[in-house]
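J.: Before we start, here is the structure in question, set down as structure tokens.
The values are calculated or read from the model by the stated rules, or taken from the named source; none is laboratory data. The structure presented is a predicted model; accordingly, all values stated were derived computationally and were not measured. Heads up, the Cβs are rebuilt from the backbone with ideal geometry, glycines too, and the neighbour counts pull from every protein chain shown. Heavy atoms of the whole protein, side chains included, go into the accessibility calculation; ligands, DNA and RNA do not. Shrake-Rupley method; radii C 1.70, N 1.55, O 1.52, S 1.80 Å.
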Protein chains: 2
Amino acid sequence: MSKFKDFVGEEKGPQCPRSYILALTDTLNVIQGKWKLPIIASLLRGMNRFKDLLASSEKITPRMLSKELKELEINGIVQRIVYDQTPVLIEYRLTESGRDIATVIDSMIDWGMLHRSQLMPTKSQ
Amino acid sequence: MSKFKDFVGEEKGPQCPRSYILALTDTLNVIQGKWKLPIIASLLRGMNRFKDLLASSEKITPRMLSKELKELEINGIVQRIVYDQTPVLIEYRLTESGRDIATVIDSMIDWGMLHRSQLMPTKSQ
DNA sequence: GTAGGCAGTATACAAAAGTATACTGCTAAT
DNA sequence: ATTAGCAGTATACTTTTGTATACTGCCTAC
């Protein structure tokens with residue numbers, strides 16, 4: 001049976017274990033926001049410098065990129081690595097969990113495709 | 001390999017198939033927003049009337065519940081069923097896809113728990 | 001005929017998320 | 001000395017999302 005099934009709002013108290021709720025909100029924090037997934041995708045593809053990430057997700061502003069990277073770092077999804085050379089070089093890299101989140105995204109893609117095919121049985125595109 | 005890996009922002013064009021991006025954004029639309037998951041959980045637990053949903057997610061306002069249910073209906077997650085008796089009875093029910101989304105949520109819970117255990121190896125709670 | 005339940009809607013407001021534009025401090029090369 | 005690149009920060013917005021509070025229309029039971 002689904003782990004999620006017994007989730008309810010905070011006030012009534014969840015029926016499923018609290019650890020499930022914590023885990024779920026962690027995951028939501030990682031994928032929520034307009035730029036999180038584009039940034040994670042760029043990191044997966046090997047972009048690791050600020051300027052490259054800025055260029056790869058065209059239209060993101062440095063303010064947003066900076067903010068999102070900080071949140072991802074706080075949440076243990078990326079590491080910020082400072083190479084103490086001149087000029088200083090800074091790299092962002094996905095942690096192991098960060099790389100693993102692709103499996104969650106893939107399950108979202110799977111569900112989405114199944115869902116679309118059920119809505120429009122013939123032309124599923 | 002991950003389906004998601006080659007996602008990038010719209011301007012540069014995604015490297016992964018467009019159908020993946022559509023599927024992913026569909027899924028995000030279903031789970032995004034403060035009340036979507038609490039509502040889906042309540043529906044999974046067999047709540048199907050407006051007043052019951054209002055009461056189960058304590059603190060949600062009728063305006064928000066109404067809005068979220070409409071979006072879920074548009075996205076093919078819930079059906080609104082009108083029983084033409086007096087007084088009229090209206091039920092909200094998850095579609096098959098709607099029920100299936102629990103598997104996505106479960107994969108989010110799984111990742112979140114793994115992630116937590118990697119951040120704090122000893123006490124994973 | 002009035003009070004109450006059901007299924008919402010209307011209006012106004014507050015808070016959160018995102019954008020635009022300009023700027024900083026450091027170094028390195030010309 | 002000046003210009004340019006890197007890695008951001010600062011300030012002031014605009015847009016989106018969510019909240020508060022009150023109200024509607026329909027029916028039923030008292």
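J.: Largest first, how would A:ARG80, B:ARG116 line up by accessible area (1.4 Å probe)?
T.: Details: A:ARG80 110, B:ARG116 45 Å².
Accessible-area ranking of A:ARG80, B:ARG116, largest first: A:ARG80, B:ARG116.
J.: If you wrap a convex hull around the C-alpha atoms of region B:7-119 and split its volume per residue, what is the figure in Å³?
T.: 151 Å³
J.: How much accessible surface area, in Å² rounded to 10, belongs to the heavy atoms of B:VAL88 with a 1.4 Å probe?
T.: Spelled out: B:VAL88, probe radius 1.4 Å, area about 80 Å².
J.: Still on this structure: Roll a 1.4 Å probe over the protein chains and send me the accessible area per residue for region B:1-101 in Å².
T.: 54 Å²
J.: Excluding ligands, DNA and RNA, what is the accessible area buried between chains B and A, summed over both sides, using a 1.4 Å probe, to the nearest 100 Å²?
T.: Numbers: alone 9410 and 9430 Å², together 13600 Å².
Result for this pair: about 5200 Å² buried.
J.: B:VAL82 accessible area, nearest 10 Å², 1.4 Å probe?
T.: 80 Å²
J.: I'd like the residues of region A:92-108 whose 1.4 Å-probe accessible area shrinks by no less than 10 Å² going from the isolated chain to the full set of protein chains.
T.: Buried on complex formation: A:GLU96, A:SER97, A:ASP100, A:ILE101, A:ALA102, A:VAL104, A:ILE105, A:ASP106, A:SER107, A:MET108.
J.: For region A:72-88, take each phi angle, set θ = phi - 60°, evaluate the Karplus expression 6.51 cos²θ - 1.76 cosθ + 1.60, and give the result in whole Hz per residue in order, putting x for glycine and proline.
T.: In residue order, the calculated couplings are 5, 5, 4, 7, x, 9, 10, 10, 9, 10, 9, 8, 8, 10, 10, x, 4 Hz.
J.: Related question: Measure off 7 Å from each Cα along the Cα-to-Cβ vector at B:THR25 and A:ILE74, then give the distance between these two points in nanometres to one decimal.
T.: For the pair B:THR25/A:ILE74, the computed spacing is 2.8 nm.
J.: Quick check: the distance between the Cα centres of region A:7-56 and region B:1-56, to the nearest angstrom?
T.: Their Cα centres are 13 Å away from one another.
J.: Mind checking region A:1-75 for trypsin sites (Lys or Arg not before Pro) that DSSP puts in a loop (not H, G, I, E or B) and that have at most 16 other Cβ atoms within 10 Å?
T.: The qualifying sites are A:LYS12, A:LYS34, A:ARG45, A:ARG49, A:LYS59.
J.: Right, here's the next one. Can you give the net charge of the other residues whose Cβ lies under 11 Å from the Cβ of A:ALA23, counting K and R as +1 and D and E as -1? Walk me through the numbers on the way to the answer.
T.: Details: positive: A:LYS3, A:ARG18, B:ARG116; negative: A:ASP26, B:ASP106, B:ASP110.
Once all neighbours under 11 Å are counted, the net charge is 0.
J.: Right, something else. Please tell me the relative contact order of chain B in percent, rounded to the nearest whole number, where contacts are Cα pairs under 8 Å and at least six residues apart.
T.: Rounded, it is 16 percent for chain B.
J.: Build a GNM of chain B with springs between Cα atoms under 10 Å: which of B:THR95, B:THR61, B:THR86 gets the top mean-square fluctuation?
T.: Its mean-square fluctuation being the largest, the pick is B:THR86.
J.: Could you check how much of the accessible area of chain A is carbon and sulfur, as a whole percent, using a 1.4 Å probe?
T.: Heavy-atom surface of chain A belonging to carbon and sulfur, 1.4 Å probe: 52 percent.
J.: Sticking with this one: Work out how much length A:VAL88 to A:ARG45 would gain on full extension: take 0.36 nm times their residue separation and subtract the Cα-Cα distance, in nm to one decimal. Don't jump to the answer; show the numbers that get you there.
T.: Values: separation 43, 0.36 × 43 = 15.48 nm, distance 2.28 nm.
Additional length available on full extension: 13.2 nm.
J.: OK, next. Select from B:MET64, B:MET108, B:MET47 the residue whose mean-square fluctuation is largest in a Gaussian network model of chain B (Cα-Cα springs shorter than 10 Å).
T.: B:MET108
J.: For peptide B:38-51, compute the average count of partner chain beta-carbon atoms within 10 Å of each residue's beta-carbon.
T.: On the way: counts 6, 2, 3, 10, 4, 0, 6, 5, 0, 1, 0, 0, 0, 0.
The mean count of partner-chain Cβ atoms within 10 Å per residue comes to 3.
J.: Where a ≥ b ≥ c are the square roots of the eigenvalues of the C-alpha gyration tensor, would you call region A:33-94 rounded, which needs a/c under 1.5, or, failing that, prolate if a/b is larger than b/c, or oblate?
T.: In terms of gyration-tensor shape, prolate.
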